[in-house]
Amino acid sequence: MIIDLPDTTVSKISRALVNVREEGGAVALGRVLTLIIATRRGIEEEAIEAANDASREHPMRVIVLMLDNPKAEPRLDAEIRVGGDAGASEVILLHAHGPAGSNAESLVTGLLLPDAPVVAWWPADTPEVPSRSDIGKIAQRRITDAAMQSDPHEWVLNLGGHYAPGDTDLAWTRLTRWREQLAAVLDQPPYEPITAVEVLGGGDSPSTPLLAAWLRLQLKVDVSWRYLDSDEWASGIKSVRLTRASGDIVLERPDALTAVLTQPGQPSHELAFPRRSLRECLAEELRRLDADLLYGRVVTEGSALIEH
């Protein structure tokens with residue numbers, strides 16, 4: 001069900017939510033958090049779809065905030081989605097025109113679930129320092145996405161400079177499968193020290209330097225990494241090579257859906273290794289509402305490596 005509320009106020013939206021729950025049976029009980037999606041008109045539906053999918057694992061209230069031209073006439077339009085149009089969540093779209101959007105915090109404060117954590121997500125247009133933005137100040141977790149910035153590589157370089165506990169980036173979340181597989185390999189004999197590491201990735205992959213930084217922190221060795229030309233590898237991380245005395249361990253993608261693990265003295269293993277979807281990454285980040293300390297170490301202590 002979709003309810004349109006043109007030219008409205010936050011108090012009217014709150015009353016409409018109460019009416020929806022009373023008349024339609026939709027309830028806020030069981031909602032575990034409020035997710036604020038700060039985005040712009042035209043790209044909001046992909047983010048809403050990902051949030052709806054993730055809500056089946058994390059029932060939540062989703063507030064989608066879109067700020068229009070600050071010189072336009074002040075006006076607040078809203079839309080409420082519940083039921084089949086909102087997954088296991090309730091979605092509130094706020095489209096603020098002109099000065100109506102001058103204070104983003106005031107627009108969402110009255111719509112937050114009481115006594116529930118707040119997570120902020122910027123799918124594309126991200127403030128320079130998320131933790132100091134109007135929305136970032138009220139959020140326990142702040143999710144950005146380097147891959148959606150105008151200059152992904154430059155954004156990754158600056159992650160450590162503006163990091164605050166609670167920050168995370170989906171470029172880091174996309175590495176989970178790589179980190180799990182590499183950790184599993186090194187947890188098997190022979191337990192020889194790694195002497196060198198090489199990480200290769202496509203030019204569009206801000207996850208590549210983050211994986212290199214993580215490996216350096218964990219293995220305490222020098223790590224070389226570089227972006228490949230598009231004719232060598234189109235998108236995402238291509239390979240990781242770990243060197244030790246008995247030979248190299250190589251985890252490499254021959255295509256976008258699989259990876260081949262090669263180890264000395266063992267047959268090669270082909271693994272299902274597709275790039276993670278937006279829904280998967282968002283759901284993973286919503287599983288924890290405390291600060292990701294390892295991510296903080298990677299973007300701060302590993303900054304010397306990231307600045308490549």
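When 45, 22, 57 are checked against the criterion of being of a type outside the set (Lys, Arg), within 26 Å of residue 289 (Cα to Cα) and loosely packed, with under 13 Cβ neighbours inside 10 Å, 45 stands alone in meeting it.
Only one of the numbered conditions (1) in contact with a strand residue (DSSP E or B) (Cβ under 7 Å, 6 or more places away or on another chain); (2) touching a residue at least 40 places away in the same chain (Cβ under 8 Å); (3) over 30 Å from residue 132 (Cβ atoms) is not met by residue 186, and that is (1).
If you go through region 154-164 and keep only what is over 22 Å from residue 33 (Cβ atoms) and open to solvent by less than 50 Å² (accessible area, probe 1.4 Å), you end up with 155, 156, 157, 159, 160, 162. Residues that are on the phi > 0 side of the Ramachandran plot, without any contact (Cβ under 8 Å) to a residue 12 or more places away in the chain and open to solvent by 20 Å² or more (accessible area, probe 1.4 Å) do occur in region 206-223. Of the candidates 142, 174, the single residue that is at pLDDT 95 or above and open to solvent by 40 Å² or more (accessible area, probe 1.4 Å) is 174. Check whether at least one residue in region 230-249 is out of contact with any strand residue (DSSP E or B) (no Cβ under 8 Å at 6 or more places or on another chain), open to solvent by 20 Å² or more (accessible area, probe 1.4 Å) and hydroxyl-bearing (Ser, Thr, Tyr), and report yes or no. There is at least one residue in region 230-249 that is out of contact with any strand residue (DSSP E or B) (no Cβ under 8 Å at 6 or more places or on another chain), open to solvent by 20 Å² or more (accessible area, probe 1.4 Å) and hydroxyl-bearing (Ser, Thr, Tyr). Suppose the filter is in contact with a strand residue (DSSP E or B) (Cβ under 6 Å, 6 or more places away or on another chain) and within 17 Å of residue 177 (Cβ to Cβ); does residue 198 pass it? So residue 198 fails the test. Would you mind stating whether residue 66 is surrounded by 13 or more Cβ atoms within 10 Å (Cβ to Cβ) and farther than 21 Å from residue 277 by Cα? Yes: the conditions hold for residue 66.
Within region 280-295, at least one residue is open to solvent by 70 Å² or more (accessible area, probe 1.4 Å) and either within 20 Å of residue 222 (Cβ to Cβ) or in a helix (DSSP H, G or I) (or both). The residues of region 233-251 that are of a type in the set (Gly, Ala, Ser), more than 25 Å from the chain's Cα centre (by Cα) and assigned to a strand (DSSP E or B) amount to a single one, 247.
With respect to residue 13, determine if the residue is at pLDDT 90 or above, surrounded by 21 or more Cβ atoms within 10 Å (Cβ to Cβ) and of a type in the set (Val, Ile, Thr). Considered against the rule, which asks whether it is at pLDDT 90 or above, surrounded by 21 or more Cβ atoms within 10 Å (Cβ to Cβ) and of a type in the set (Val, Ile, Thr), residue 13 comes out as yes.
Out of everything in region 263-278 that is out of contact with any Lys or Arg (no Cβ under 9 Å at 6 or more places or on another chain) and open to solvent by 70 Å² or more (accessible area, probe 1.4 Å), what residue ends up being nearest to residue 60 (Cα to Cα)? The extreme case among them is 272.
The values are calculated or read from the model by the stated rules, or taken from the named source; none is laboratory data. Fair warning: this is a prediction, and the values are worked out from it, not measured in the lab. Neighbour counts run over all protein chains shown; Cβ positions are idealised from the backbone, glycine included. We work out accessible area using only protein heavy atoms, side chains counted, and drop any ligands, DNA or RNA first. Shrake-Rupley method; radii C 1.70, N 1.55, O 1.52, S 1.80 Å.
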